[in-house]
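Down below is the structure, laid out as structure tokens.
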Amino acid sequence: MVKAIRMKDPIQDKILYWIVGVVFTFVMIMVLYPLVFVVSASLSSGAALDSGRVVLWPVDPTLQGYKFVFSHRNVLSSYRNTIFYTVVGTLLNVAITLIAAYPLSRKDFPARKYYMIIGTVTMFFSGGLVPTYILIVKLGMINKVWSMLIPGALNVYNMILVRTFIMSSIPDELLEAAQIDGYDDTRYFFTIVLPLSKPVIAVITLYYAVSHWNSYFNAMLYLSNEKLYPLQLVLRDILIAANFSLSDIQDADLAATMTGLANLLKYSLIVVSSVPIIAMYPFVQRYFIKGVMIGSIKG
């Protein structure tokens, strides 16, 4: 006896959709409000910030914070340096990651388990800060752009991510068919593997680009030439310089003005350092969800 299929209640569906819509709207507001507030605060006056009048829209609109930031002698050069470090470093990272991940994804590579163990160990154990610094000194990379590019050129986690994607998304039959057609490993890698790996390539590109854009610790360790400073290090110096002691300022109005400027700088620096890298996300967003889901579903 065939059981009758119970039709869904349209009223219940509407209630469910309404609840889901309300919840997601609330979550979206929670996510967007801090971003809108930071941008509005960076465009408001210091006095408005101190008085707490900035809630959603800019109050007493001004570009004073941005003028102060870009008036620093090293901001434009540091922007150029950071763009160079991000572009060249990301290309280097992605190339090395793909070259390392492809052979480790091949089941006929006899030493792949050995290399995977070595790579995994480095994720949990390292030589430490002092030995790493001594190594960079011995390699002659102090005050060189290579000190910002070579250390960490391969991220083992991203390599495992790419390896897993290739193994789970590209069937072995493609390799067999390519070999029958006379493809060697190099041609197979560039003409078949890379085009089919666009989602994971987009994901690791974003990961590496964000890491390079936000990097400042290596610059603190290995660079003393201000002409090579990345943006984050220069913005850090500006923020430290703005946090001066107000105890020596006798004029109350001047002290309030300087305090407002210091607060305004914080928001301006956030926008200056974040907007360019945030602008990258829409270009890789369609690949991002598929890429980060690698390995979550078996079958």
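Every test in (1) at pLDDT 85 or above; (2) out of contact with any Ser or Thr (no Cβ under 9 Å at 6 or more places or on another chain); (3) surrounded by fewer than 15 Cβ atoms within 10 Å (Cβ to Cβ) is passed by Phe283 save one, and that test is (1). Contact map, region 106-124: residues that are open to solvent by 100 Å² or more (accessible area, probe 1.4 Å) paired with residues that are assigned to a helix (DSSP H, G or I) and not aromatic (Phe, Trp, Tyr), Cβ distance under 7 Å, separation 6+ or inter-chain. Pairs shown: Tyr115/Leu104.
Exactly one residue out of Thr257, Thr191, Thr186 is farther than 26 Å from Thr86 by Cα and modelled with pLDDT under 85: that is Thr257.
The number of residues in region 205-221 being under 8 Å from the mean Cα position of the chain (by Cα) and among the polar types (S, T, N, Q) comes to 2. Quick one: how many residues across region 203-234 are touching a residue at least 24 places away in the same chain (Cβ under 8 Å) and outside any helix (DSSP H, G or I)? The qualifying residues number 6. Looking at region 35-120, the helices (runs of 4 or more DSSP H) lying wholly inside it that each contain 2 or more residues that are β-branched (Val, Ile, Thr) sit at 75-105.
Rundown of residues vs (1) modelled with pLDDT under 80; (2) over 22 Å from Gly65 (Cα atoms); (3) aromatic (Phe, Trp, Tyr), yes/no style:
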residue	(1), (2), (3)
Lys227	no, yes, no
Gln232	no, no, no
Ser247	yes, yes, no
Val275	no, no, no
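Only a single criterion out of (1) open to solvent by less than 90 Å² (accessible area, probe 1.4 Å); (2) in contact (Cβ under 8 Å) with a residue 24 or more places away in the chain; (3) in contact with a helix residue (DSSP H, G or I) (Cβ under 8 Å, 6 or more places away or on another chain) is not satisfied by Ile96, namely (3).
Return yes or no: is Thr132 without any contact (Cβ under 8 Å) to a residue 60 or more places away in the chain, out of contact with any Phe, Trp or Tyr (no Cβ under 7 Å at 6 or more places or on another chain), closer than 30 Å to Glu226 by Cβ and not in a loop (DSSP other than H, G, I, E, B)? Here the answer is yes, as Thr132 does meet what is asked. Any residue at all in region 141-150 that's of a type in the set (Phe, Trp, Tyr), touching a residue at least 40 places away in the same chain (Cβ under 8 Å) and out of contact with any strand residue (DSSP E or B) (no Cβ under 6 Å at 6 or more places or on another chain)? Looking for residues that are of a type in the set (Phe, Trp, Tyr), touching a residue at least 40 places away in the same chain (Cβ under 8 Å) and out of contact with any strand residue (DSSP E or B) (no Cβ under 6 Å at 6 or more places or on another chain), one finds none in region 141-150, hence no. Could you pull out the residue among Ser71, Ser78, Ser51 that is small (Gly, Ala, Ser) and under 20 Å from Val36 (Cβ atoms)? None of the others qualify; the one that does is Ser51.
Residues are listed down the side, and each one gets a yes or a no for (1) more than 23 Å from Gly89 (Cα to Cα); (2) among the charged types (D, E, K, R):
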{"residue": "Leu149", "(1), (2)": "no, no"}
{"residue": "Met167", "(1), (2)": "yes, no"}
{"residue": "Asp172", "(1), (2)": "yes, yes"}
{"residue": "Asp184", "(1), (2)": "yes, yes"}
{"residue": "Pro195", "(1), (2)": "no, no"}
{"residue": "Lys198", "(1), (2)": "no, yes"}
{"residue": "Phe217", "(1), (2)": "no, no"}
{"residue": "Met220", "(1), (2)": "no, no"}
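A Cβ distance below 6 Å, combined with a sequence gap of six or more or placement on separate chains, defines the contacts here; from region 30-54, residues that are of a type in the set (S, T, N, Q) reach residues that are buried (at least 18 other Cβ atoms within 10 Å of the Cβ) in the pairs Ser40/Val54; Ser42/Gly65; Ser42/Tyr267; Ser42/Ser268; Ser42/Val271; Ser44/Val54; Ser44/Val59. Quickly run through region 171-202 and pick out the residues that are surrounded by fewer than 16 Cβ atoms within 10 Å (Cβ to Cβ), farther than 13 Å from Ile99 by Cα and in contact (Cβ under 8 Å) with a residue 40 or more places away in the chain. Listed by number, the residues that qualify are Asp172, Lys198.
The values are calculated or read from the model by the stated rules, or taken from the named source; none is laboratory data. Since this is a predicted model, take the numbers as computed values, not measurements. No Cβ is skipped: glycine too gets one built from the backbone with ideal geometry, and neighbour counts run over all protein chains shown. What goes into the accessible areas is simple: the full protein's heavy atoms, side chains included, and nothing from ligands, DNA or RNA. Shrake-Rupley method; radii C 1.70, N 1.55, O 1.52, S 1.80 Å.
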